[in-house]
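This report concerns only the one structure given below.
The values are calculated or read from the model by the stated rules, or taken from the named source; none is laboratory data. Note that the coordinates shown come from a computational prediction; the quantities given were computed from them, not determined experimentally. As a convention, Cβ positions derive from the backbone with ideal geometry for all residues, glycine included, and neighbour counts pool all protein chains shown.
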Amino acid sequence: MPDTTAPAATAPATVTIADLATQADAEAFRTLNEAWITRFFALEDEDRRYLGDPLGHIVEPGGAVLVARLAADAGGGAETVIGCVGLAPTAPGEYELVKMAVSTDHQGHRTGRRLIAAALGRARELGARRVVLESNSGLASAVHLYEAFGFRHLEPHEVAPSPYARADVHMRLDLA
């Protein structure tokens, strides 16, 4: 699912969003997420589980990991992964949006918005009836972005126990 975004550079760059395909993609998934998590919080066991084996813990159980790649420059450089997001199955018809990250150099260029749109499209393809997520109230721009896509905050009685100490925002989007 190709998509484009125009970063702050003088010439527009092309960003494509596709499935995690290589070990380099998996490494980028890990490093992008470790960077933002350790910037604001501490890595937790559940982080390490997903980041250490995204294929085994997200894709193979029936989910997906999508990566946003910045196209190679005219000089023949390699594509660069600048963002990622996972969809982990949690129950029949339900997926959790997990490990969303965009490189700090590419934030504010709609890459996160494109990743969420692609993930929701993939969730529909996978037969999801709903997508859930956990976040933190200190990540106001991320929470606002989820709200813009129609995610609603769960009431306290709807919140399941979380493996993350930092999770104080719980949201759901019904797709049906």
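Applying a threshold of 6 Å to beta carbon distances and a minimum spacing of six or more residues, or different chains, the list of pairs starting in the stretch 46-72 at a residue that is farther than 13 Å from Asp19 by Cα and buried (at least 21 other Cβ atoms within 10 Å of the Cβ) and ending at one that is aliphatic (A, V, I, L, M) and at pLDDT below 95 reads Leu70/Ala13; Leu70/Val15. Taken across the stretch 127-141, residues that are in contact with a Leu (Cβ under 7 Å, 6 or more places away or on another chain) and under 19 Å from Asp19 (Cβ atoms) do occur, with at least one present. Candidates Glu79, Glu96: the one that is under 24 Å from Thr31 (Cα atoms), modelled with pLDDT of 95 or more and not aliphatic (A, V, I, L, M) is Glu96. Of all the numbered requirements in (1) assigned to a loop (DSSP other than H, G, I, E, B); (2) under 24 Å from Leu55 (Cβ atoms); (3) small (Gly, Ala, Ser); (4) touching a residue at least 12 places away in the same chain (Cβ under 8 Å), Ala78 misses one, and that requirement is (4). The condition of being at pLDDT below 95 and of a type outside the set (S, T, N, Q) holds for only one of Asp3, Asp19, Asp53, that being Asp3.
With the condition kept exactly as written, say whether any residue in the stretch 124-140 is of a type in the set (Ser, Thr, Tyr), in contact with a helix residue (DSSP H, G or I) (Cβ under 6 Å, 6 or more places away or on another chain) and at pLDDT 95 or above. Yes, the stretch 124-140 contains at least one residue that is of a type in the set (Ser, Thr, Tyr), in contact with a helix residue (DSSP H, G or I) (Cβ under 6 Å, 6 or more places away or on another chain) and at pLDDT 95 or above. Checked against (1) more than 19 Å from Glu46 (Cα to Cα); (2) crowded, with 20+ Cβ neighbours inside 10 Å, Met100 passes all but condition (1).
Just so you know, in the stretch 103-119 the residues that are farther than 21 Å from Arg39 by Cβ and touching a Gly at 6+ places or on another chain (Cβ under 9 Å) include one that is surrounded by the most Cβ atoms within 10 Å (Cβ to Cβ), and it is Ala119.
For first residues located in the stretch 117-131 and farther than 17 Å from Ala101 by Cβ, partners that are among the basic types (Lys, Arg) and not in a helix (DSSP H, G or I) and lie 6+ apart or on another chain with Cβ distances below 7 Å form the pairs Arg130/Arg172.
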